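The values are calculated or read from the model by the stated rules, or taken from the named source; none is laboratory data. Fair warning: this is a prediction, and the values are worked out from it, not measured in the lab. Ideal geometry is used to build each Cβ from the backbone, glycine not excepted, and the neighbour counts take in all protein chains shown.
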Ligand code: NG6
Ligand code: CA
């Protein structure tokens, strides 16, 4: 009996698969390509269209002026790993206790069981690729960099991956293609440690004479290309990247990916490394901004974007491709190296009018440039809708007619397509494991212990003994704390925040009004 039932269901399954197979084929023809161009530490005020006057970003501006330019677009977090986790999974990073800035040796943060944007799209017939910065962990502890490194991006939904493991300032300083270190000489194996140095290897701390870039805080372990890094590395000489070529290199790979997959619907996550430290513009961009390396690498990233757009145009793909442009977190000037970012800043305001920066719960930590562009499909407009990168999952699911869901991701396709001004009603933002709550024009930051200012990077973190409540419409720079003068609003915000964050959280944080 059991066997017969099995046979019948097998038959049904085959018939059903036949039907859906055809359907997938039909759908594929009309599916647009989707590209996320993601910068690292690019601030709200770093883009011309977002009112930067001292820095020229013509290609980012082209997207902003030809698409929907969001003024209330957020990353889920004020640092990279959690932010990227939220982007790819549609789950708030504060739900995942390990979603913190990861070392290069950290295990894969996203569970291989978990649904992700690339997995969701793959099921709809997309080819999926990532080129650029990963920083979501690799392997399952104790990675051997001389064998295939897995699980990694290929195991959470990407058919193709060409990545750096963590950040440009962290070892291993090599490219990894589908899990294999590129250009590795088997006779010169790679060893990595974040605990101790390998005997006889120079470090930034002990060998300052070998440095072409000096460290300011942290960043004094292994030296690669004259730049001291976080973490220790031995071997892998032939595989090491040249920092100044990284932008060109990722651009080339992104272009190749597009050309290789132009005949099928594809999803590309093009995660540029700029303007994160160490800022190493190619020689032809040195001096291009007059602002030192930080400005120069933004000019370089803008150029890369322009070249990449040219490829989409040349390949005839630009009218069938939705491009999302954003940044993983807000800006920072001195993030650990002496590179003139502070000294040569001049009148430029990387955060625009926003308060704080990277690592901060103030607006500049998470409110970032956020643009959707689709030539011929999206009408240019500026949108004040409240949107977050965590919403891309469900919105893209709507676009491709997928029923997949992710816990915190809202369906905001109309807002992303510029058809509606309706965004989310509220949003939990995160910065180094602290959370705050935005609702409508208001933002509430609960009290947090810890320094008010991170003096190394010179950024206000938003820690305070008292509650903070700001009306962002009237006070975008968060100068007037209205917590005392508007206790009703504060209570309303706090109650909703606790309802989302959960009672247990409120107890550990002792979130109650006196
Ligand atoms: C910090 C690093 C900083 C940067 C950051 C990650 C020190 C002192 N600072 O720990 O330079 O690498 O991590 O940036 O090491 S992120 O954009 O990838 O989150
Ligand atoms: Ca970042």
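Report whether or not residue 325 is more than 30 Å from residue 214 (Cα to Cα) and crowded, with 19+ Cβ neighbours inside 10 Å. Full working, then the answer.
Numbers: more than 30 Å from residue 214 (Cα to Cα): yes; crowded, with 19+ Cβ neighbours inside 10 Å: yes.
The answer is yes for residue 325.
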Tell me, yes or no, whether the range 292-299 has at least one residue that is part of a loop (DSSP other than H, G, I, E, B), surrounded by fewer than 23 Cβ atoms within 10 Å (Cβ to Cβ) and away from ligand 2 (no atom under 16 Å from the Cβ).
yes
Selection within the range 144-174 - away from ligand 1 (no atom under 16 Å from the Cβ) and over 19 Å from residue 258 (Cα atoms):
144, 145, 146, 147, 148, 149, 150, 151, 152, 155, 156, 174
Under 6 Å by Cβ, and 6 or more places apart or on different chains, what pairs join a residue from the range 68-94 that is at positive phi with one that is part of a loop (DSSP other than H, G, I, E, B) and within 15 Å of ligand 1 (Cβ to nearest atom)?
none
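Please return the ranges of strands (runs of 3 or more DSSP E) entirely within the range 310-386 where 1 or more residues are within 16 Å of ligand 1 (Cβ to nearest atom) and in the same structural domain as residue 57 (by TED's automatic domain parsing).
Values: elements: 321-327, 370-373, 381-383.
Answer list for the range 310-386: 321-327.
Can you tell which of 496, 430, 488 is assigned to a helix (DSSP H, G or I) and either free of Cβ contacts under 8 Å to residues at least 12 places away in the same chain or within 16 Å of ligand 1 (Cβ to nearest atom) (or both)? Steps first, answer last, please.
Details: 496 fails: either free of Cβ contacts under 8 Å to residues at least 12 places away in the same chain or within 16 Å of ligand 1 (Cβ to nearest atom) (or both); 430 fails: assigned to a helix (DSSP H, G or I).
488 is the lone residue from the list that is assigned to a helix (DSSP H, G or I) and either free of Cβ contacts under 8 Å to residues at least 12 places away in the same chain or within 16 Å of ligand 1 (Cβ to nearest atom) (or both).
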Considering only the range 87-106, state which residues are within 22 Å of residue 179 (Cβ to Cβ) and part of a helix (DSSP H, G or I).
87, 88, 89
Scope the range 107-120; condition over 18 Å from residue 178 (Cβ atoms) and in contact (Cβ under 8 Å) with a residue 60 or more places away in the chain; matching residues
115, 117, 120
Tally the residues that are closer than 24 Å to residue 106 by Cα, in contact (Cβ under 8 Å) with a residue 24 or more places away in the chain and within 16 Å of ligand 1 (Cβ to nearest atom), restricting the search to the range 198-248.
18
Answer yes or no as to whether residue 326 is without any contact (Cβ under 8 Å) to a residue 60 or more places away in the chain and touching a helix residue (DSSP H, G or I) at 6+ places or on another chain (Cβ under 8 Å).
no
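Yes or no, residue by residue, for (1) out of contact with any strand residue (DSSP E or B) (no Cβ under 6 Å at 6 or more places or on another chain); (2) closer than 27 Å to residue 380 by Cβ; (3) within 16 Å of ligand 1 (Cβ to nearest atom):
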| residue | (1), (2), (3) |
| --- | --- |
| 56 | yes, yes, no |
| 61 | yes, yes, no |
| 64 | no, yes, no |
| 71 | yes, yes, no |
| 75 | yes, yes, yes |
| 81 | yes, no, yes |
| 87 | yes, yes, yes |
Quick one: which residue in 394, 409 is more than 13 Å from residue 73 (Cβ to Cβ), outside the structural domain of residue 472 (by TED's automatic domain parsing) and surrounded by 24 or more Cβ atoms within 10 Å (Cβ to Cβ)?
409
